[in-house]
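Take a look at the structure below.
We did not get these values from a lab; they are worked out from the coordinates using the rules stated. The structure displayed is predicted, hence computed values, not measured ones. Neighbour counts are summed over all protein chains in view; Cβ atoms, including those assigned to glycine, are modelled from backbone coordinates with ideal geometry.
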Amino acid sequence: MSVTDIPFATDADPEWIAAHPRVQRVPSRELTLFIRRDFLSAEECTGLIERIEAGRRPSTIADANGDYAFRTSETCDLDGEDPFVAAIDAKLCAFSGIDPAHGEPIQGQRYAVGQEFKAHTDYFDPNGVDYARFCATSGNRTWTLMVYLNAPKAGGATRFPKIGKTVQPETGKLLAWNNRIEPGRYNAATLHHAMKVRSGVKHVITKWYRERPWG
Ligand SMILES: O=C(O)CCC(=O)C(=O)O
Ligand SMILES: [Fe+2]
């Protein structure tokens, strides 16, 4: 299927995603979560890792809770004008089926030994102090797509404690989940913890979609 054939919409259709080749759906009544191994090639992962290494800065969080160790990783805002990054973005949008206009620019995340992102949701708390700052224009986050770019030697799994699921990093493996139950209702079962890397370095990319076009 070429990109022009994709029926882009403002929200993803889980049944349409489930019909993609090689997609696994994690069995859960609480959470719509898909896994697709080898979504990106080793070459695509290496190219992204090089860019993340070159452009990283300390990661930040919304609604700071006083725990300075809550998110200790580094983040890189990947350049959507870079044709290599744009091609990956197009692949992610072709997987989600969500109108690319609703996508935030892709970010890279890098975790060294001991670094983590404690249990959090990717949607912003509508009652949080930072909600207007992050969501006034584009609304809240709807879907999360993330891809592991490598497997660290030890640690670095992503744990979803509310559904008792832990996903191990593997080069090129994609995760996709719906942050909403329905428009305006966010799913607390999306809670997830990027667990500490114990040996090596972990790299991922994250792609978030919004309720309204990104701007
Ligand atoms: O690195 C991971 O395993 C998860 C990353 C994550 O949850 C995030 O960046 O919001
Ligand atoms: Fe997250």
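Only the Cβ atoms of Lys and Arg (+1) and of Asp and Glu (-1) were treated as charged; on that basis the dipole of the chain about its Cα centre amounts to roughly 900 debye.
Roughly speaking, what is the centre-to-centre gap between region 153-215 and region 78-139 when only Cα atoms are used, to the nearest Å? Centre-to-centre distance over Cα atoms comes out at 11 Å. The chymotrypsin sites (Phe, Trp or Tyr not before Pro) of region 26-68 that DSSP puts in a loop, and whose beta carbon has at most 16 other beta carbons within 10 Å, are Tyr68.
Only one residue of Phe8, Leu92, Ile49 has its Cα farthest out toward the positive end of the dipole of region 3-210, where Lys and Arg carry +1 and Asp and Glu -1 on Cβ, and that residue is Ile49.
What's log10 of I(q)/I(0) for region 165-215 at q = 0.13, 0.16, 0.21, 0.27 Å⁻¹, Debye sum over Cα points only, no solvent? Reported log10 I(q)/I(0), two decimals: -0.46, -0.67, -0.99, -1.27. Straight Cα distances below 27 angstrom link Lys196 to the lysines Lys118, Lys153, Lys162, Lys165, Lys173, Lys207, with same-chain residues fewer than 8 positions distant left out.
Using C-alpha pairs under 8 Å with a sequence gap of at least 6, the mean separation divided by the residue count of the chain gives a relative contact order of 28 percent.
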